1. Modelled with pLDDT of 90 or more and of a type in the set (A, V, I, L, M, F, W, C): does that describe A63?
2. Please specify each residue of the range 11-66 satisfying the condition of being among the small types (G, A, S) and surrounded by 14 or more Cβ atoms within 10 Å (Cβ to Cβ).
3. Which condition number in (1) touching a residue at least 60 places away in the same chain (Cβ under 8 Å); (2) under 29 Å from N31 (Cα atoms); (3) in a helix (DSSP H, G or I) is the one that L143 fails?
4. Can you tell me how many residues within the range 244-260 are closer than 17 Å to S161 by Cα and polar (S, T, N, Q)?
5. Any idea which of (1) out of contact with any His (no Cβ under 7 Å at 6 or more places or on another chain); (2) open to solvent by 10 Å² or more (accessible area, probe 1.4 Å); (3) not small (G, A, S) is the one M209 doesn't satisfy?
6. Please determine, by comparing only the residues of the range 177-206 that are among the β-branched types (V, I, T) and modelled with pLDDT of 95 or more, which one is surrounded by the fewest Cβ atoms within 10 Å (Cβ to Cβ).
7. Quick test for you: out of L54, L14, L28, pick the one residue that is in contact with a Pro (Cβ under 6 Å, 6 or more places away or on another chain) and without any contact (Cβ under 8 Å) to a residue 24 or more places away in the chain.
8. Cβ-Cβ below 6 Å, separation at least six or inter-chain, first residue in the range 146-169 and touching a residue at least 60 places away in the same chain (Cβ under 8 Å) and surrounded by 24 or more Cβ atoms within 10 Å (Cβ to Cβ), second among the acidic types (D, E) and not in a helix (DSSP H, G or I): which pairs?
Amino acid sequence: MAAFAGGAAVISALLARSLIRFRIARFLHTNVRGIPVPAVLGIVLFAATLSILLGAAAALALAGRWGGGGTRILLVLAGAGLVFGAGLIDDMSGSGPRGLRQHMASLARGRATTGLLKIAASIAGGMFVALALPGRDFAEAVLVVLTVAGCCNVWNGLDVSPGRAGKVFVLAAIVVLLAGSRSAPWAVLAVVLGAEVPLLLPDLRERAMLGDAGANLLGFFIGAAVAASLSAAGLFVAVAVVVILNLLAETVTLSRLVRSIAPLRWFDGLGRVSGPSFPPN
């Protein structure tokens with residue numbers, strides 16, 4: 001897995017350098033400090049992860065060692081593709097409502113938003129993860145879906161300041177990889193971690209951003225690996241945690257929480273050109 005993660009890191013670094021240089025107008029978004037930044041790091045993340053894992057899957061098939069593991073990895077990738085695609089559509093559509101309450105209010109007025117598409121995609125992605133985890137009963141599968149979808153939305157809420165979502169992902173991924181069970185989502189997470197590490201610098205230096213495609217994708221991969229590592233009781237705890245975090249994002253907001261706690265504020269500003277930065281609200 002270390003070799004696969006290293007390969008993903010190399011591909012990610014090369015792709016990021018190319019895409020950032022082009023500064024495609026459709027992907028330019030104004031960040032928290034009013035600077036136009038291309039939201040292309042999610043594309044890089046998905047492309048690097050996909051290329052490494054499809055290459056590994058092809059090698060397994062040619063060696064006659066496909067087995068159930070290869071199928072489960074493809075199921076996780078299929079779920080990731082849905083989450084990435086919905087996030088990319090949102091990135092290309094420009095600004096719109098933020099937060100679950102605003103999206104639901106928009107739906108109540110008869111207007112569907114790309115945010116609701118992202119929610120639907122995260123639920124569908126969670127279903128693919130549940131299919132990739134053998135031996136789970138229906139109740140556990142529901143908890144898996146909720147964990148994955150909840151993590152997608154948490155990381156979406158984190159991605160409001162340069163590098164925040166990426167740094168929290170790297171920290172969480174290391175913990176999950178050290179403590180989690182060896183499973184298809186665990187193996188995929190190791191590759192994603194390799195792909196994300198080179199993207200931290202351009203994100204923190206405000207040369208590019210993850211966008212919703214990237215932030216939701218990071219949450220998806222964390223949620224999938226966490227869900228794969230937990231028992232039924234652990235899944236209940238995981239769902240409770242992501243529900244609390246999503247409620248905080250909808251009420252207090254995660255930025256206010258980070259701003260009010262000194263260690264979180266320090267970690268948030270770590271490596272960033274401007275130090276801690278927060279949206280106006």
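The values are calculated or read from the model by the stated rules, or taken from the named source; none is laboratory data. Please read all numbers here as calculations on a predicted model, not as lab measurements. Neighbour counts run over all protein chains shown; Cβ positions are idealised from the backbone, glycine included. Note: accessible area is taken over every heavy atom of the protein model, side chains too, but ligands, DNA and RNA are not part of it. Shrake-Rupley method; radii C 1.70, N 1.55, O 1.52, S 1.80 Å.
1. Spelling it out, it is not the case that A63 is modelled with pLDDT of 90 or more and of a type in the set (A, V, I, L, M, F, W, C).
2. As a first pass, look at the range 11-66 and keep what is among the small types (G, A, S): 12-13, 16, 18, 25, 34, 39, 42, 47-48, 51, 55-59, 61, 63-64.
Those that are among the small types (G, A, S) and surrounded by 14 or more Cβ atoms within 10 Å (Cβ to Cβ): S12, A13, A16, A39, G42, A47, A48, S51, A56, A57.
3. Just one mismatch for L143, condition (2).
4. So the count comes out to 3.
5. (1)
6. Just the residues of the range 177-206 that are among the β-branched types (V, I, T), to begin with: 188, 191-192, 197.
Those still in the list that are modelled with pLDDT of 95 or more too: 191-192, 197.
Values: V191: 25, V192: 30, V197: 18.
It comes out as V197.
7. Values: L54 fails: in contact with a Pro (Cβ under 6 Å, 6 or more places away or on another chain); L14 fails: in contact with a Pro (Cβ under 6 Å, 6 or more places away or on another chain).
Step by step, each of L54, L14, L28 is checked, and only L28 is in contact with a Pro (Cβ under 6 Å, 6 or more places away or on another chain) and without any contact (Cβ under 8 Å) to a residue 24 or more places away in the chain.
8. As it stands, the answer is P162/E206, since those pairs meet every condition given.
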